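I have placed the structure first, in the form of structure tokens, so that the comments after it can refer back to it.
The values are calculated or read from the model by the stated rules, or taken from the named source; none is laboratory data. Note that the structure is predicted; figures quoted are calculated from it, not measured. Neighbour counts are summed over all protein chains in view; Cβ atoms, including those assigned to glycine, are modelled from backbone coordinates with ideal geometry. Side chains included, ligands, DNA and RNA excluded: accessible areas come from the protein's heavy atoms. Shrake-Rupley method; radii C 1.70, N 1.55, O 1.52, S 1.80 Å.
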Amino acid sequence: MRCLLTSPSSFCTHPGPVGVGSIVPRGVLRSRSSRPQQRIHASRDAPSSNGKGLDEDTIWSQLAFPSYLQSSKSHKKGVCDDFDKALAAAERKQAADCSIEDLEEEDPAEAVWLAIRREAERDAATEPLLSSFLYATILAHDSFERALAFVLSNRLANTVMLPTQLFETFYEVLVSDADVRQGALADVEACRERDPACTSYSQALLYYKGYHAIQTHRIAHALWSRGQKFMAVALQSRVSEVRSLLQSRCKTV
């Protein structure tokens, strides 16, 4: 069977097995490695809205990342939880270099939390046996609310109310209710300032059962006001049970 080609020069032979792809129009074959380079050059030279070309740094900063990752000023809280945590950690690290006295004027609540963390770091260095305990209760958390929720949930947990479930309940109330959060901070400051036996903020946060009972009552009251009356009564019963067990042990000793 004869095959007439009007323009033999318009075809080229591609090395490889004989088949449909063995003969392709000239000019179709291009090096695969040249395509990414052409795309990169095209993106570099692509005109922007103001008519100027975009350099590689501009492309990466404006196109490769979301807007909330480009600067802390353009970031809105709640868009990305992981970025919120990283930004808060960076701000705490920056605040760690300043004095607590300077921070008290700008943010008194953050000053108390910073003092608690520094006390925990100091105690962990002087008492290695308690370093794991201090890390789990204070140093592993990024806010006062999380630390308090962790301490209370482990203090009041039992076989029915698991510490993880109590932690979620306590933390949600502390974050959403400003009165409960501010009251807990004020109680810590009151213990430190008015009790001669209290030598640090962290001591009241970790060991004072009266402080734990008051904060549990605050959280239970918030839950009661929301309509979660059964949970509020359960917390009141549990904190009374824990306190009575502690008192009976003291009497026995």
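Yes/no matrix, rows are residues, columns are (1) modelled with pLDDT of 95 or more; (2) over 22 Å from A109 (Cα atoms):
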site: T137; (1), (2): yes, no
site: V180; (1), (2): yes, no
site: A184; (1), (2): yes, no
site: S225; (1), (2): yes, yes
site: C250; (1), (2): no, yes
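Among residues of region 169-195 that are more than 20 Å from L235 (Cα to Cα), none has a beta-carbon under 8 Å from a residue that is among the hydrophobic types (A, V, I, L, M, F, W, C) and open to solvent by 50 Å² or more (accessible area, probe 1.4 Å) at least six positions away or on a different chain. Checking each residue in region 156-187 for being over 24 Å from the mean Cα position of the chain (by Cα) and crowded, with 18+ Cβ neighbours inside 10 Å picks out L156, D187.
For region 122-155, the candidate set comprises residues that are assigned to a loop (DSSP other than H, G, I, E, B) and touching a residue at least 12 places away in the same chain (Cβ under 8 Å); within that set, the residue that is surrounded by the fewest Cβ atoms within 10 Å (Cβ to Cβ) is D142. When region 82-120 is filtered for residues that are open to solvent by 100 Å² or more (accessible area, probe 1.4 Å) and either at pLDDT 75 or above or closer than 16 Å to E145 by Cα (or both), only K85 remains.
The set of residues from region 188-234 being open to solvent by 50 Å² or more (accessible area, probe 1.4 Å), of a type in the set (S, T, N, Q) and either assigned to a loop (DSSP other than H, G, I, E, B) or touching a Lys or Arg at 6+ places or on another chain (Cβ under 6 Å) (or both) comprises T199, Q228.
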